[in-house]
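Below you'll find the structure, written out as structure tokens, and then a few comments.
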Amino acid sequence: MNKWFKSGSPWIWLSAGGVSISLISVLGLLWLIASRGLSYFWPSELYQFDLIDKHGAKSVVIGEIYNREEIPVSQLAHLNLVLDPEQEVLERLLIKTGNRELVSLDFRWLLSHYIQKTQTPKDLVSVERRTNGNFYGYIESVVVDGNEVDSNQLDKLLTRVDNFQDKIDELQKSDIGAINYQLERLRLKTRKYKFQDKLTAELKAQIDSEVATLNQSYIILEQELMGYRQAISRDHIVMRAMDGQLVTINFEYILKVTFNNQLSIVEKTAMFFSQIGYFLIEDPREANTEGGVFPAIFGTVLMVLLMTVIVSPLGVVAAIYLHEYAGKNAFTKLLRISVINLAGVPSIVYGVFGLGFFVYMVGGSLDQLFYSENLPSPTFGTPGVLWSSLTLAILTLPVVIVSTEEGLSRIPSEMRFGSLALGATKAETLWRIILPIASPAIMTGIILAIARAAGEVAPLMLVGVVKMAPNLPLDGNFPYLHLDRKFMHLGFHIYDVGFQSPNVEAARPLVFATALLLVTIIVTLNMTAVSIRNRLREKYKMLEH
């Protein structure tokens with residue numbers, strides 16, 4: 001036994017066991033997130049529950065089963081239920097009932113003791129709407145142009161509505177949005193020339209002519225928009241709810257009508273992938289509890305890419321100075337200690353620094369110098385994607401500096417001396433010999449920086465991220481990339497939906513789905529960086545040896 005301990009085998013097995021437990025934990029966590037998140041997109045069965053309460057009153061509840069749990073009978077003593085003496089637990093169901101215009105809450109608990117009959121009728125319908133959530137019930141009639149038509153034409157009507165809605169969105173976001181943007185630019189241009197006392201009669205006439213042309217185009221587009229809205233608002237569907245009430249739903253507000261209980265496995269699978277695609281490319285609705293997360297995906301990726309572009313040269317240059325040029329003195333030691341300590345500063349402190357320095361000081365100065373016509377409305381003197389990227393660049397700067405310096409320290413001094421002996425300058429040696437060999441270490445630092453920045457939320461809440469950003473930082477209006485705009489972020493989206501949502505039960509599956517998406521994006525960015533690092537390592541392997 002003593003020889004076995006001295007051989008080091010126990011420590012090898014202990015290390016292997018630790019790695020295995022860590023790997024199993026990570027895989028288990030990913031499985032939990034994936035199973036809970038992906039189940040959000042699977043079309044559920046629709047149930048009709050016939051209830052009878054303790055007073056003998058009958059009622060009907062229609063909806064989806066969201067959760068099942070068993071509770072001890074002792075906790076239900078206040079209900080005075082007549083149960084079997086041997087019965088210790090009672091099942092209750094969490095039902096998503098929707099129909100917000102009729103019921104105050106989307107969800108309700110049903111005790112199995114009160115359920116007299118459970119059915120899954122084939123003609124039960126789930127109507128996904130743009131507002132007020134889902135509606136569950138039976139189709140009474142479909143009215144087109146004032147005439148009742150066969151419900152078999154629903155698919156054609158919804159396709160027509162989708163086409164009209166796409167045209168409306170394109171008009172609002174592209175054409176009308178571009179005109180509004182140009183009108184605002186002309187207004188600010190006029191104001192700027194007034195401040196500078198350069199607004200001549202000729203220049204004012206030219207601006208007025210451009211404004212008149214844009215207004216005329218706006219009127220034409222507005223008429224076209226109203227025509228589309230009238231075309232989709234004339235048709236409606238009449239639904240019968242679980243309490244027998246008839247509710248009229250205009251096709252303008254309907255996204256999808258599905259007979260979930262009539263779907264086969266193949267149709268459910270197709271609908272499953274369709275809903276995942278919808279989740280990835282659409283905008284959020286209903287306080288972020290429904291719809292997609294495309295703006296959050298776009299904001300997360302854009303912010304991480306901007307941060308990487310900013311932190312990479314800064315970190316590499318700082319590491320080169322500390323390792324290649326700085327002398328071994330007290331000042332250099334102080335710099336190294338500062339870099340190491342910066343890595344341990346809480347992220348919220350960086351957010352406060354970014355808000356005070358970048359937003360108020362730098363952004364406010366830029367507004368005074370270049371955007372005075374916009375004041376008192378700030379342009380860069382308010383949180384935005386640029387300041388978020390700079391803040392996270394400073395947050396991750398120590399990681400890149402330390403990784404790059406470690407890569408530089410592993411390069412033998414003989415390579416530097418050999419290059420200098422052959423007549424190369426120190427700058428040429430750095431550019432052609434040292435940096436190529438150290439590039440895998442530099443990429444390692446960038447990978448670590450991406451992994452940390454993509455998941456940070458606390459500092460972003462102060463310097464740019466918002467619950468809902470109507471306009472993306474990238475669009476068709478000059479200068480196309482608007483770094484002054486606020487943006488959405490997947491990490492903040494998870495926090496907002498999970499903890500600030502007015503409907504926690506409805507938001508819970510969406511939290512897991514968004515978390516899975518965020519992990520997927522981080523892994524994709526990291527794998528891309530790892531692939532680049534491995535190619536660089538193979539490319540300069542012979543040079544290193």
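The values are calculated or read from the model by the stated rules, or taken from the named source; none is laboratory data. These numbers come from a predicted model, not from an experiment. Using ideal geometry, Cβ is built from the backbone for each residue, glycine included, and neighbour counts are taken over all protein chains shown.
Before moving on, here are some points about what is shown:
- On the stretch given as region 473-511, residues that are assigned to a loop (DSSP other than H, G, I, E, B) and within 24 Å of Phe41 (Cβ to Cβ) total 6.
- Reported count of residues in region 47-92, each being hydrophobic (A, V, I, L, M, F, W, C), touching a residue at least 40 places away in the same chain (Cβ under 8 Å) and out of contact with any Gly (no Cβ under 7 Å at 6 or more places or on another chain), is 5.
- Some residue of region 201-219 being over 30 Å from Ala57 (Cα atoms), free of Cβ contacts under 8 Å to residues at least 12 places away in the same chain and surrounded by 13 or more Cβ atoms within 10 Å (Cβ to Cβ): yes
- Hits in region 1-57 - residues which are part of a helix (DSSP H, G or I), charged (D, E, K, R) and closer than 29 Å to Leu263 by Cα: Arg36
- Condition check for Lys189: surrounded by 15 or more Cβ atoms within 10 Å (Cβ to Cβ), among the basic types (Lys, Arg) and in a helix (DSSP H, G or I): yes
- Options Ser274, Ser312; residue that is polar (S, T, N, Q) and either in contact with a strand residue (DSSP E or B) (Cβ under 8 Å, 6 or more places away or on another chain) or closer than 30 Å to Asn134 by Cβ (or both): Ser274
- For Thr159, the conditions (1) under 34 Å from the mean Cα position of the chain (by Cα); (2) among the β-branched types (Val, Ile, Thr); (3) not in a helix (DSSP H, G or I) all hold with the exception of (3).
- Of residues in region 167-208 being over 33 Å from the mean Cα position of the chain (by Cα) and of a type in the set (S, T, N, Q), the one farthest from Pro295 (Cα to Cα): Thr200
- Across region 136-156, the number of residues qualifying as part of a helix (DSSP H, G or I), acidic (Asp, Glu) and closer than 19 Å to Gln230 by Cα comes to 0.
- Gly133 fulfils the conditions (1) part of a helix (DSSP H, G or I); (2) surrounded by 15 or more Cβ atoms within 10 Å (Cβ to Cβ) except for a single criterion, (1).
- Taken over region 412-437, the criterion of being surrounded by 10 or more Cβ atoms within 10 Å (Cβ to Cβ) and charged (D, E, K, R) is satisfied by Arg416, Lys426, Glu428, Arg432.
Let's see how each residue does on (1) buried (at least 19 other Cβ atoms within 10 Å of the Cβ); (2) hydroxyl-bearing (Ser, Thr, Tyr); (3) not assigned by TED's automatic domain parsing to the domain that holds Leu302:
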residue: Glu405; (1), (2), (3): yes, no, no
residue: Ser439; (1), (2), (3): yes, yes, no
residue: Leu448; (1), (2), (3): no, no, no
residue: Met468; (1), (2), (3): no, no, no
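- Taken residue by residue, region 312-335 has at least one member that is within 30 Å of Arg533 (Cβ to Cβ) and under 27 Å from the mean Cα position of the chain (by Cα).
- Met461 being at pLDDT 90 or above and either over 13 Å from Gly299 (Cα atoms) or part of a strand (DSSP E or B) (or both): yes
- Any hit, region 100-108, residues being surrounded by 16 or more Cβ atoms within 10 Å (Cβ to Cβ), part of a strand (DSSP E or B) and more than 31 Å from the chain's Cα centre (by Cα): no
- Considering (1) farther than 20 Å from Ile532 by Cβ; (2) within 41 Å of the chain's Cα centre (by Cα), the lone condition that Ala427 does not fulfil carries the number (2).
- Filtered residues of region 325-376 (kept if of a type in the set (Gly, Ala, Ser) and either in contact with a strand residue (DSSP E or B) (Cβ under 9 Å, 6 or more places away or on another chain) or under 30 Å from Phe195 (Cα atoms) (or both)): Gly356, Gly363, Gly364, Ser365, Ser372
- Some residue of region 51-58 being on the phi > 0 side of the Ramachandran plot and loosely packed, with under 10 Cβ neighbours inside 10 Å: yes
- Consider region 65-99 and keep the residues that are in contact with a Ser or Thr (Cβ under 9 Å, 6 or more places away or on another chain) and in a loop (DSSP other than H, G, I, E, B). The one that is farthest from Tyr136 (Cα to Cα) is Glu88.
- Helices (runs of 4 or more DSSP H) fully within region 321-414 counting 2 or more residues that are modelled with pLDDT under 90: 330-342, 364-370, 385-409
- So Phe478, is it among the aromatic types (Phe, Trp, Tyr) and surrounded by fewer than 18 Cβ atoms within 10 Å (Cβ to Cβ): yes
- Region 250-304: number of residues that are assigned to a helix (DSSP H, G or I), of a type in the set (D, E, K, R), surrounded by fewer than 19 Cβ atoms within 10 Å (Cβ to Cβ) and in contact (Cβ under 8 Å) with a residue 60 or more places away in the chain: 1
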